[in-house]
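The next block holds one structure in the form of structure tokens; read it before the comments.
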Amino acid sequence: MKRLNKFLIALFVVGFATSCSDDYFDVNDSVNNPVSSTPALSLPVAQKFTVDVLQGDYNSMNTLGNLWAYSWAAGSNYAYFTDETNYVVTSSFRTGTFTTVYTRPLNNYEVIIKNTDVKYSNYVAIAKIMKAFHFQYLVDAYGDVPYSEALQGSANTTPAYDNANDIYDNLIVLLTEAQDLIANPDATAITPSANQDIMLHGDMAMWAKFANTIKLRILLRQSEKAGLVSQADFDAAVNNGIGFLNAGEDVLCNPGYVNETNKQNPYWGAFGKTVAGDPAANAEATRATNYAISKLSVDPRKARIFKPVGNTTNFAGIAQNDTFGPASASLSGIGPGILTGANQSGVIMLSAESLLLQAEAASKGYISGDAEALYNAGVQASFTYLGAGDATAYLASYAFPNNPAVNLEAIIYQKWVALMGINGFENWIEYRRTGFPADLPYAPNNLSGATSIPVRLLYPSSEYAANPDNVPAQTSGDAFTSKVFWQN
């Protein structure tokens, strides 16, 4: 409780902005609205907000990704996820994926970055890493976004939109700056305590490895389109001796979640149970797709990613938009390997994802290492996180359809399984990048009449109102045709 109370105090002290052009410290002079903060107070607030937008409630990036990566659906007796599975993508759709990321985590991280006191250099390094983490996802979802002029508050309320490719290039620079700060600390540099760094608890070597892993993801995101990255890019950015997140090195976040009102892990609070032990608001509606259950038919992780129907040992899913199919009571919900309790940690990046990124990079010759060994380690890391036991038998018997070799198709399939229910947004992005799983369905009977999964989100209407001279013009059709620069 002491740890959570410290976090709540920090949250009260710092507060948050309401739009991406608001001044973070534009508050009135009152004891309830302090006009300054320290990195030690701002950092846990920013990190908690990262969990909220990435893996939090119904409106999280994870929810959208699990719908667009065709892992989740709603039982026929629930009118849930209707805009998402009908592909009603407009300027009013999922606007928090843009606005909330700027106003909450990014504004807080930027306050830390602007602190010039060298004793806070470790905090600045962490904030730069997390800034890069969030901006990669903004580019992946929207393409061009405000970057170089963003987060300046009242100094610039109409920031320019930067070229998406240029942003990607600068994120590598930003991450390298963070690694340099970690490697060369000032003699007065403070190491954040576990209460101040609620992700990696002040382990700066782990932060450097996390930064390297984000770099690897940024570079690999561009690797399927000719001419965007080269071996020299990988050598300069990641082949630096720092290494990457390895088995058991999950990046998690926990401010001290407990089973009390407004203090539960937000994912559990939205999809697990209430404080009283009743099903949470979205728990009974959210169900497996028939496609996901079929793909996991012989996978031991199935019973951890989803739960059996009722008191049986059977698993069942439903097609998206199937209003005449089975009701939720006859379908599989989110499983015990994903929803573990009110005090569970939020997931920022799993070691399984990192190892599979390394497997892909090694298979393409970008980094040294045994691609098959990294692939096997990534699968085992997924089994371990989900509580599915030893993956040896699965790896020995599992042959990817028509191609048993460890190649891109196999790697992305394993990533799709490992992140199902955990970071669905990454799975949607990776499908757009690679086309795998190759048989991933689009939502049938969707009201948009689309025959493919959306390739991007559209800028929110608030941007057209507040920043009309800079926001790129779009039409609703762009959600299916206007691809981000790295996508073929």
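The values are calculated or read from the model by the stated rules, or taken from the named source; none is laboratory data. In this text, all values refer to a predicted model and were calculated from it rather than measured experimentally. Please note: Cβ atoms are built from the backbone with ideal geometry, for glycine as well, and neighbour counts cover all protein chains shown. The area values use the complete protein model at the heavy-atom level, side chains included, leaving out ligands, DNA and RNA. Shrake-Rupley method; radii C 1.70, N 1.55, O 1.52, S 1.80 Å.
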Among the residues of the stretch 93-127, which ones are open to solvent by 10 Å² or more (accessible area, probe 1.4 Å), within 17 Å of the chain's Cα centre (by Cα), closer than 19 Å to Glu149 by Cα and without any contact (Cβ under 8 Å) to a residue 60 or more places away in the chain? Thr100
Qualifying positions in the stretch 128-146 - open to solvent by less than 30 Å² (accessible area, probe 1.4 Å) and under 14 Å from Glu463 (Cα atoms): Tyr142, Val145, Pro146
Among the residues in the stretch 185-200, are any hydroxyl-bearing (Ser, Thr, Tyr) and within 20 Å of the chain's Cα centre (by Cα)? no
Test result for Tyr385, under 20 Å from Pro300 (Cα atoms), part of a helix (DSSP H, G or I) and in contact with a strand residue (DSSP E or B) (Cβ under 9 Å, 6 or more places away or on another chain): yes
Taking the stretch 366-384 as the search range and keeping residues that are in contact with a helix residue (DSSP H, G or I) (Cβ under 6 Å, 6 or more places away or on another chain) and open to solvent by 50 Å² or more (accessible area, probe 1.4 Å), which one is farthest from Ala410 (Cα to Cα)? Gly369
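Let's see how each residue does on (1) among the aromatic types (Phe, Trp, Tyr); (2) under 29 Å from Ala418 (Cα atoms):
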residue: Leu54; (1), (2): no, yes
residue: Tyr70; (1), (2): yes, yes
residue: Thr82; (1), (2): no, yes
residue: Tyr87; (1), (2): yes, yes
residue: Leu106; (1), (2): no, yes
residue: Ile112; (1), (2): no, no
residue: Lys119; (1), (2): no, no
Might you let me know whether the stretch 82-94 holds any residue that is over 23 Å from Val484 (Cβ atoms) and at pLDDT 95 or above? yes
Can you name every residue in the stretch 255-297 that is at negative phi and free of Cβ contacts under 8 Å to residues at least 12 places away in the same chain? Thr274, Ala276, Asp278, Pro279, Ser297
Residue satisfying condition, being closer than 30 Å to Gln474 by Cα, open to solvent by less than 40 Å² (accessible area, probe 1.4 Å) and in contact (Cβ under 8 Å) with a residue 24 or more places away in the chain, within set Ile167, Ile182: Ile167
Hits in the stretch 406-444 (condition: outside any helix (DSSP H, G or I), more than 23 Å from Asp83 (Cβ to Cβ), in contact with a Leu (Cβ under 9 Å, 6 or more places away or on another chain) and at pLDDT 95 or above): Phe436
Name, by its number, the condition in (1) more than 30 Å from Ser448 (Cα to Cα); (2) touching a Phe, Trp or Tyr at 6+ places or on another chain (Cβ under 7 Å) that does not hold for Asn314. (2)
Tally of residues being at positive phi and in contact with a Pro (Cβ under 6 Å, 6 or more places away or on another chain) across the stretch 447-488: 0
Of a type outside the set (A, V, I, L, M, F, W, C), crowded, with 20+ Cβ neighbours inside 10 Å and closer than 16 Å to Leu296 by Cβ - does that describe any residue in the stretch 435-452? yes
Starting from residues that are assigned to a helix (DSSP H, G or I) and buried (at least 16 other Cβ atoms within 10 Å of the Cβ), keep the ones in the stretch 147-164 and report whichever is nearest to the chain's Cα centre (by Cα). Ala164
From the set of residues in the stretch 453-472 that are free of Cβ contacts under 8 Å to residues at least 40 places away in the same chain and in a loop (DSSP other than H, G, I, E, B), which is least open to solvent (accessible area, probe 1.4 Å)? Val455
Of Ser121, Ser71, Ser92, the only residue that is hydroxyl-bearing (Ser, Thr, Tyr) and over 27 Å from Ala319 (Cβ atoms) is Ser121
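Condition check ((1) closer than 23 Å to Val251 by Cβ; (2) open to solvent by 40 Å² or more (accessible area, probe 1.4 Å); (3) outside any loop (DSSP other than H, G, I, E, B); (4) of a type in the set (Val, Ile, Thr)) across all residues:
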residue: Pro308; (1), (2), (3), (4): no, yes, no, no
residue: Pro336; (1), (2), (3), (4): yes, yes, no, no
residue: Leu339; (1), (2), (3), (4): yes, no, no, no
residue: Gln344; (1), (2), (3), (4): yes, no, no, no
residue: Ala361; (1), (2), (3), (4): yes, no, yes, no
